[in-house]
1. Exactly which chymotrypsin sites (Phe, Trp or Tyr not before Pro) in the range 322-415 are in a DSSP loop and have at most 16 other Cβ atoms within 10 Å?
2. State in Å² the accessible area per residue of the range 277-386; use a 1.4 Å probe, count heavy atoms of protein chains only, and round to the nearest integer.
3. Would you mind counting up the charge near LEU356? Only other residues with Cβ under 12 Å from its Cβ, with Lys and Arg at +1 and Asp and Glu at -1.
4. Compute the length gained on full extension between ASN246 and ASP271: take 0.36 nm times their separation in residues and subtract their Cα-Cα distance, giving the result in nm to one decimal.
5. Given that compact globular proteins tend to follow 2.2 N^0.38 Å, what is the ratio of the alpha-carbon Rg of the range 106-178 to that value?
6. If you put +1 on each Lys and Arg Cβ and -1 on each Asp and Glu Cβ, how big is the dipole of the chain around its Cα centre, in Debye rounded to 20?
7. Any chance you could tell me what percent of the C-alpha pair distances in the chain go past 26 Å?
8. With a point put 7 Å past each Cα toward its Cβ, work out how far LEU175 is from ASN144 in nm, to one decimal.
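The values are calculated or read from the model by the stated rules, or taken from the named source; none is laboratory data. The structure displayed is predicted, hence computed values, not measured ones. For neighbour counting, all protein chains shown are included, and Cβ atoms are generated from backbone atoms with ideal geometry for every residue, glycine included. Note: accessible area is taken over every heavy atom of the protein model, side chains too, but ligands, DNA and RNA are not part of it. Shrake-Rupley method; radii C 1.70, N 1.55, O 1.52, S 1.80 Å.
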Amino acid sequence: MLKNLFHQADIPAEYRSNFIHLYFDMGWFGVLSGSAVNFLNVYAARLGATGLQIGLLAAVSAVMNLIFAMPAGRWLEQRPIGKAVFWTSVFYRLGFALWIPLPWLFGNEGQIWALILIALYMGIPLTALAVGFNALFAEAVPINYRAQVAGTRNILLSVTFMLTSIISGYLLDHLAFPMGYQVVFAIGFFGAAMSSVHLFFVRPLNKEATPPPSIPQLATVNKNPSIPRPWQAALRLDIWQTEYRNHLLVLLGFHLSQYLAIPLFSIFLVDHLHLSDDTIGLGTAFFYLAMLIGSMQLRQIVNRIGHKTLTGWGVAGMALYPIVIAFSTQAWHYYVASLIGGFVWAMVGGAYANYLLEHTPINDRPSHLAWYNVVLNAAILFGSLAGPAIANVTGIVVALFVFGILRILAGMAILKWG
């Protein structure tokens with residue numbers, strides 16, 4: 001695997017540089033994810049944050065995405081996509097550095113609200129980065145290599161996340177609070193900075209190196225013959241009159257079922273299972289170990305059943321994580337849930353973006369992906385706020401079980417209507 005990864009003997013020479021930098025980008029992103037991002041909600045919970053405040057950490061970023069997604073799409077259309085992705089990643093990832101000094105500046109409650117405000121700032125460049133990276137990936141990786149590149153990126157993410165998560169958990173258990181979290185946040189910022197360095201070197205391929213748009217894709221763009229009025233043109237409402245609408249709606253269902261449950265996990269692990277940071281770090285390492293194993297099988301499974309089918313069944317399989325967590329009473333239950341969840345996420349994470357790109361017109365990617373970003377962040381906003389609110393009424397165990405059932409329904413919707 002490592003020989004193929006770095007030497008890439010079977011990869012055409014014109015693709016190798018992009019692939020290598022995309023791999024290192026994800027590897028360093030795994031360092032960020034396994035340290036700072038992985039323990040942010042846990043840190044907030046240990047500061048005494050409520051479910052609503054933890055939900056706001058994701059929700060405020062989603063608000064910024066909803067406001068700026070369509071302007072970001074138009075902004076990206078007017079600029080070289082590679083440079084735009086690099087600079088938006090720089091401004092976004094500077095926010096991780098702002099987490100480090102917070103314990104020196106504020107008390108517990110002040111830190112919680114400072115984290116929320118920083119997330120609000122980070123949401124602005126993240127909007128363009130999220131839209132732009134999907135477009136850059138599509139332009140930098142030929143369609144017949146996307147499953148391979150996505151799978152390899154997930155493998156590297158799994159390895160670096162596992163190692164960083166275990167190291168971070170160890171540091172948090174052996175360093176005084178909150179200094180341990182400051183060290184972990186600093187590790188995350190370094191990983192974020194290195195990831196941006198490698199994004200700088202990812203370049204779109206020459207037009208002749210990428211396949212031309214198919215007839216159905218061109219027809220999708222021009223399906224509505226009427227000339228839109230200026231405000232319609234700005235919002236690109238014509239996209240909702242094409243078949244792309246179905247893909248947006250089923251992915252809305254997927255992401256909503258996903259983000260309803262996410263704010264509840266850290267609260268359950270800290271307040272109900274009373275797990276230590278070391279135990280939580282080990283559990284997330286198990287998650288990414290399983291993701292590593294699953295990612296090694298991704299290419300073969302995609303070749304056999306396709307991105308859409310794998311996405312649908314994978315989303316349904318994601319129901320197991322919240323359901324198992326809901327009935328956990330011991331640490332090993334959490335470990336089992338992590339192993340199952342990691343394997344399933346390897347399938348979903350490696351397939352759903354490529355499923356979306358398969359149905360995104362080649363000659364109109366930024367605007368279509370901007371609408372996907374709107375859908376994604378609408379789900380993050382509603383799910384992050386509604387999940388804790390529902391749990392307050394039903395109890396966290398019932399809420400996690402119900403959200404698991406919703407994931408099954410979302411997966412079935414992708415298979416039927418996607």
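1. On the way: sites: PHE327, TRP332, TYR334, TYR335, PHE343, TRP345, TYR352, TYR355, TRP371, TYR372, PHE382, PHE401, PHE403; in loops: PHE327.
For chymotrypsin sites (Phe, Trp or Tyr not before Pro) across the range 322-415 that sit outside H, G, I, E and B with at most 16 neighbouring Cβ atoms in 10 Å, the list reads PHE327.
2. Solvent-accessible surface per residue comes out at 34 Å².
3. Here the charged neighbours net out to +2.
4. Numbers: separation 25, 0.36 × 25 = 9.00 nm, distance 3.94 nm.
Here the answer is 5.1 nm.
5. The reported ratio for this selection is 1.62.
6. In total the dipole reaches around 840 debye.
7. For the chain, the share of Cα pairs beyond 26 Å comes to 54 percent.
8. 4.8 nm
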